[in-house]
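All remarks here apply to the structure that follows.
Nothing in this text is a laboratory measurement; each read-out follows from the coordinates by a stated rule. No experiment lies behind these values; they were computed from the predicted model shown. Glycine gets a Cβ as well: all are built from the backbone with ideal geometry, and neighbour counts include every protein chain shown.
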Amino acid sequence: QGEAAVATECFTVAFDLASAARTAAAGSTSGRAQAVGDVLSRALFELELAAAEFGWEGEEAMDVVQAHVLAAAQHLDAVPDRTCYFASVLYNLGLHLYHQGHAAEAVSWLRRSIRTRTAMGDDRLDKKKQSKTARLAAVCLISTEAYEEAIDFLRLAESLAHDCAGAYLLLKVAIVTGQQDVSGLLAAALEDESVPLDVCSASLQLLTTAGR
């Protein structure tokens with residue numbers, strides 16, 4: 001606890017110094033002041049995320065952690081090169097909340113991660129990471145029995161990057177929710193050479209059990 005208190009105090013001092021300097025720079029219209037302001041915005045962005053990550057690793061109250069993440073978002077325009085990193089932090093926060101048993105809350109951060117990556121544009125979009133985030137959001141939604149929303153995320157994930165386990169989960173939820181394209185999903189799974197035989201067998205068993 002002593003080390004945590006010292007770290008918190010260090011963050012507080014750093015925040016106060018950077019915020020005061022940024023406020024002073026914002027009062028000037030010179031190019032130099034603008035450049036200084038951008039540097040300080042970057043410093044505040046990094047500080048907020050460092051405080052957030054330190055917080056959830058140290059089991060700090062999640063409302064405090066989330067406040068740091070939201071504060072970092074306010075500086076994102078000044079650090080466009082850190083957008084992908086910020087999206088990953090949002091994903092990690094969602095994953096942490098899911099593991100803590102807060103699936104519904106986790107989904108909101110995972111949605112934000114997806115929106116953040118989408119805003120980067122197709123040419124910069126990391127489809128594998130976006131797909132991974134969408135699948136985790138689906139798992140969170142399934143745990144809250146929000147199946148219709150879950151299947152939308154699973155379809156998004158599969159459209160971005162194919163994954164055997166994800167395709168199987170999509171088929172399973174499609175059966176549960178009575179989707180019309182179940183046969184097509186099963187056929188795609190059976191025709192995919194990368195799908196292991198046990199997944200194919202489980203898929204057929206699912207369909208047989210559902211009487212489809």
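Once you have the Cα-Cα distance between D123 and S183, take 0.36 nm times their residue separation minus that, and quote the gain in nm to one decimal. Intermediate results must be reported in sequence, preceding the final value.
Working: separation 60, 0.36 × 60 = 21.60 nm, distance 3.34 nm.
Result for the pair: 18.3 nm of gain on full extension.
Can you work out the FRET efficiency for the pair E148 and L70, with r the C-beta to C-beta distance and R0 = 22 Å, to the nearest 0.05?
Numbers: r = 28 Å, r/R0 = 1.29.
E(calc), rounded to 0.05, equals 0.20.
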